[in-house]
1. Quick check: is even one residue across segment 149-168 crowded, with 21+ Cβ neighbours inside 10 Å, at pLDDT 95 or above and not in a helix (DSSP H, G or I)?
2. Can you run down the residue pairs with Cβ atoms below 6 Å, 6 or more apart or on separate chains, where the first is in segment 113-126 and within 20 Å of GLY304 (Cα to Cα) and the partner is of a type in the set (Lys, Arg) and surrounded by 11 or more Cβ atoms within 10 Å (Cβ to Cβ)?
3. When the residues of segment 292-309 are filtered to those that are over 18 Å from the mean Cα position of the chain (by Cα) and not in a loop (DSSP other than H, G, I, E, B), which remaining residue is nearest to ILE229 (Cα to Cα)?
4. In segment 184-232, which residues are modelled with pLDDT under 95, within 21 Å of VAL150 (Cβ to Cβ) and among the aliphatic types (A, V, I, L, M)?
5. Out of everything in segment 112-136 that is surrounded by 24 or more Cβ atoms within 10 Å (Cβ to Cβ) and touching a strand residue (DSSP E or B) at 6+ places or on another chain (Cβ under 9 Å), what residue ends up being farthest from PRO204 (Cα to Cα)?
6. Say we look at segment 192-215 and pick out the residues that are among the aliphatic types (A, V, I, L, M) and more than 22 Å from ALA226 (Cα to Cα); which of these is surrounded by the most Cβ atoms within 10 Å (Cβ to Cβ)?
7. May I ask you to list the residues in segment 261-279 that are closer than 17 Å to GLY216 by Cα and at pLDDT below 95?
8. As an exercise: evaluate SER103 against (1) surrounded by 20 or more Cβ atoms within 10 Å (Cβ to Cβ); (2) small (Gly, Ala, Ser); (3) more than 30 Å from ALA288 (Cβ to Cβ) and give the number of the one condition it does not meet.
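The values are calculated or read from the model by the stated rules, or taken from the named source; none is laboratory data. Predicted, not measured: the structure shown is a model, and the values here were computed from it. Please note: Cβ atoms are built from the backbone with ideal geometry, for glycine as well, and neighbour counts cover all protein chains shown.
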Amino acid sequence: MSDIRQILEKRILVLDGAMGTMLQQYNFTEEDFRGERFKDFPSPLKGNNDLLSLTQPKAIAEVHAKYFEAGADIVETNTFSGTTIGMADYNMEHLAYELNYESAKIAKQVADEFTAKEPHKPRFVAGSIGPTNRTASMSPDVNDPGYRAVTFDELRIAYKEQVEGLLDGGSDILLVETIFDTLNAKAALFAIEEVKAERNIDVPIMVSGTITDASGRTLSGQTAEAFLISVSHIPLLSVGFNCALGANLLQPHLEAIASKTDFAISAHPNAGLPNAFGEYDETPEEMAAQIEEYLKKDLINIIGGCCGTSPAHIKAIAEVAAKYEPRSVVGV
């Protein structure tokens, strides 16, 4: 297996785009989500995209293949909500390990096929570890600011099971992403370190936060620089930002951290901001032009797309990225 750290020194790596945006095009029904195995499951399952790795694995493999064809070096597993905490919404906590294992396995099979066809461009799988729908730093109840819907330990245990499934299924990298609460991320990183120690392995870790609004802070109140400092105690492959903002609005936050770390810098912004219908209108050309500004300023090592992005967006981004040298990283 090629060492991703060495490749990062030579070129900018391209991450895939949105999984959800692509799956919407299939117009899967409740029956499609259920498949044969869950046809009598008592809870509604439509919308549980992670479950499609079990009930519609061909579609998941197709999405990965489309992103690799578009020029992606790295695809993310279909596991954004793949913890017992995330699956509790569907009463499917018992499936957490299996969902991560199967999702990683699907992505790895597709990655291996592309690497075999193009050995000069090895493909990688990033195990996607989402933030969960709970926050360890803040209360969901305005009348009880001391209340927490989840503890650090509950998060750590849930994340550990997810990490084990992702690694057993073949993930090359672990991506802790869309971080709105850094304490949640620290629980995920703690769980990863536990698994690394138990298995005596060294797996590259990407960390990607989310700046939630014009204040330039995460939901738990940190500036970009504070976020960087609070995750820098672990040797990371990369640190960066994704989601919430389009490429142009994300740039100042990338500038804020790029000069202050030896980690690689990653970004996978949205295709602009959502319109009144919650859809993303930014074209591949518009997005690639904005991302080119990152590259001119030597900000980026890994670049991709989040909400609203498609293989067409990733193709345009990959074409632009190929023209530029990666940001020089001292510590890689």
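1. no
2. Listed by first residue and then by second, the contacts come to PHE114/ARG123; THR115/ARG123; VAL125/LYS108.
3. Checking each candidate, the answer is TYR294.
4. LEU219
5. Pass one, segment 112-136, residues surrounded by 24 or more Cβ atoms within 10 Å (Cβ to Cβ): 123, 125-129, 131-132.
Still in the list and also touching a strand residue (DSSP E or B) at 6+ places or on another chain (Cβ under 9 Å): 123, 125-129, 131.
Details: ARG123: 14, VAL125: 11, ALA126: 9, GLY127: 11, SER128: 13, ILE129: 13, PRO131: 19 Å.
Step by step, filter segment 112-136, then rank; the result is PRO131.
6. Per the stated criteria, the residue is VAL195.
7. The answer is GLY272, LEU273.
8. Status for SER103: all satisfied but (3).
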